[in-house]
């Protein structure tokens, strides 16, 4: 970088040099710098070609309009906070928005500096066209600067892509046994615990909300609240049908059975998000059933909350305390209503939701866990991992999650290009 800067300013100096002897001096001095520049450029271009997507001219034009709008807005906000007569509310809002724009503005400023460097190099190349080695060195520098410009444009494009505000939230995990009887319930338990272990490796808080056990102590249904930062954005593509192929513990002849469980990932929400009204809720209490001992069966600790406008009902009996069961039920109800509203808004705005990686519909088979072959295959991105035991321990799940998030980003770029 220092060598490139030295070359740029050396070439810039040519604009004010009229004596041929000065040009000849710089011409001979540049041979070592030229060799270094060529080697550096080769490495940089190799890296850029592998990691940066190619942006079309039309896409760059659209993005440039967005960048100009951001720059204009940044100037307006700076003017507001620099005005003595600005009210505390205006100052606070402007300052908050400026902080949000800071990352984009840093990239934009880098891009503008690089674009000025490119224009300067083009101009200077025209002035020293009679000096081949100097021209070659300037051309190499220009190529390197253009590659850097493309890298910055790619980063800025990523920052401009549509974002889901829910990505930053925690989530509600729901796992239900599907086809396969007791084996499906046992696999539902395995999947539920896989996400629990994965959450532990990430340092997330995993709180069991409710579990309904089967006769073999598998899970007919299970739900949990996973709290932390950027959890929904990382787990949202786990929604769907997870299929298992293995020999069930109930199978005496050793035949491989195929079973399935459904997984749903819902963004956490609260009563402020949904503006729940007390008159819209019917809360019933009753005695808990199932395991839990005498206490669970002799007190009205279980809670059922019905959202009257939608008819949606949530029942929780996991805790002995009626108050805690009510809090958990409200958390799950808010998440379900929030997801319904989000889906309605997304569907009314565009078809982007259906164009992304799967619909998140629970009827869609997204992944197969084949125990005899020791492999896990994600059917959306076509990736197979051959360490199924590690996967069930909550390890290596990022292999699929990262691939799905990358595919989402590529789809968003394609959508951004086509819609603009």
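All of the numbers you see were taken from the coordinates with simple rules; none came from a lab. Everything numeric here is computed off the predicted structure, so don't read it as measured data. Reconstructed Cβ throughout: ideal geometry from the backbone, glycine too, with neighbour counts over all protein chains shown.
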Give me Rg over Rh for the stretch 155-238, both radii from the alpha carbons and Rh done the Kirkwood way, two decimal places. 1.11
Can you tell me how much longer the chain between residue 409 and residue 396 gets when fully stretched, taken as 0.36 nm per residue apart minus their C-alpha distance, in nm with one decimal? 2.6 nm
Give or take rounding to whole Å, what are the principal axis extents of the alpha carbon atoms in the stretch 45-199, in descending order? 82, 54, 27
Order of 76, 171, 128 - criterion: other Cβ atoms within 10 Å of each residue's Cβ, fewest first: 76, 128, 171
The stretch 51-194, relative contact order in percent, only Cα pairs under 8 angstrom and at least six apart counted: 21 percent
Considering Cα pairs under 8 angstrom that are at least six residues apart, work out the relative contact order of the stretch 179-292 and quote it in whole percent. 25 percent
Simple spin-label estimate for residue 229 and residue 83 in nanometres, 7 Å along Cα-Cβ: 3.3 nm
Sequence of 247, 211 once ranked by neighbouring C-beta atoms within 10 Å, starting from the fewest: 247, 211
